[in-house]
Amino acid sequence: MNYWLMKSEEDEYSIDMLKKDKRAPWFGVRNFQARNFMRDDMKIGDKVLFYHSNANPSAVVGLAKVASDPHTDKTALDKKSKYSDVRSTKEKPIWECVDVEFVSKLNNVVTLEYIKGDAELSNMLVAKRGQRLSIQPVEKSHFDRIIELGTGK
């Protein structure tokens with residue numbers, strides 16, 4: 001089992017939207033390292049910390065899980081999509097994604113500010129200066145600490 005942090009801007013795709021949809025493709029990732037995490041490392045059932053980026057405050061707000069094997073990100077092939085990529089074709093797609101499934105919202109959001117100040121979490125990738133990847137691996141101990149803080153258990 002792997003653990004991940006996946007960032008989304010709240011007005012783009014929020015935890016509430018995922019809760020309503022129940023399951024959705026994590027499309028629009030246009031960074032090769034983040035794509036490679038989805039394509040090469042994510043497995044069905046992996047646990048996900050859902051993170052609202054560029055929010056006030058930026059925070060882990062919920063839990064999800066990986067719900068599919070990697071598949072072509074169709075937004076790259078859609079010329080009307082803001083995620084379109086002319087280099088990507090049906091025969092030779094460049095961008096892939098996985099589906100994620102809603103698990104729960106956290107009772108208490110865990111803010112980036114709190115993460116940076118918590119001795120147990122301060123070395124998470126999301127807390128490091130300049131770390132902008134929208135998908136990041138998370139250590140199990142960090143995942144468990146976020147759950148403890150977010151659920152109050």
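The values are calculated or read from the model by the stated rules, or taken from the named source; none is laboratory data. The shown structure was predicted, so the numbers you read here are calculated from the model rather than taken from an experiment. Because the Cβ atoms are built from the backbone with ideal geometry, glycine has one as well, and the counts that use them run over all protein chains shown.
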Q) Out of all the residues in segment 82-101, is one or more closer than 18 Å to residue 139 by Cα, at pLDDT 95 or above and aliphatic (A, V, I, L, M)? A) no
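Does residue 59 satisfy being closer than 26 Å to residue 148 by Cα and at pLDDT below 95?
Answer is no for this residue.
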Q | Members of segment 34-46 found to be assigned to a helix (DSSP H, G or I) and touching a strand residue (DSSP E or B) at 6+ places or on another chain (Cβ under 8 Å), listed by number | A | 34, 35, 37, 38, 39, 41
Q: Kindly indicate whether residue 44 is over 19 Å from residue 28 (Cβ atoms) and of a type in the set (A, V, I, L, M, F, W, C).
A: yes
Q: Kindly list the number of the only condition in (1) aromatic (Phe, Trp, Tyr); (2) surrounded by fewer than 16 Cβ atoms within 10 Å (Cβ to Cβ); (3) in contact (Cβ under 8 Å) with a residue 24 or more places away in the chain that fails for residue 32.
A: (3)
Q.
I'd like the full set of residues that are within 16 Å of residue 67 (Cα to Cα) and outside any strand (DSSP E or B), limited to segment 4-16.
A. 15
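Scan segment 15-26 and give yes if some residue there is buried (at least 19 other Cβ atoms within 10 Å of the Cβ), within 18 Å of residue 124 (Cα to Cα) and within 13 Å of the chain's Cα centre (by Cα), otherwise no. Explain how you work it out, then say what you get.
Quick first cut of segment 15-26, residues buried (at least 19 other Cβ atoms within 10 Å of the Cβ) only: 15, 18, 26.
Restricting the remaining residues to those that are within 18 Å of residue 124 (Cα to Cα) gives none.
Checking segment 15-26: not a single residue is buried (at least 19 other Cβ atoms within 10 Å of the Cβ), within 18 Å of residue 124 (Cα to Cα) and within 13 Å of the chain's Cα centre (by Cα).
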Q: Mind listing whichever residues of segment 53-80 are polar (S, T, N, Q) and either in contact (Cβ under 8 Å) with a residue 24 or more places away in the chain or closer than 19 Å to residue 135 by Cα (or both)?
A: 53, 54, 58, 68, 72, 75
(Q) Cβ contacts < 8 Å: first residue touching a residue at least 24 places away in the same chain (Cβ under 8 Å) and more than 15 Å from residue 144 (Cβ to Cβ), restricted to segment 118-133; second residue in a loop (DSSP other than H, G, I, E, B) and of a type outside the set (Asp, Glu), any location; separation 6+ or different chain. Result? (A) 125/131; 125/133; 125/138; 133/31
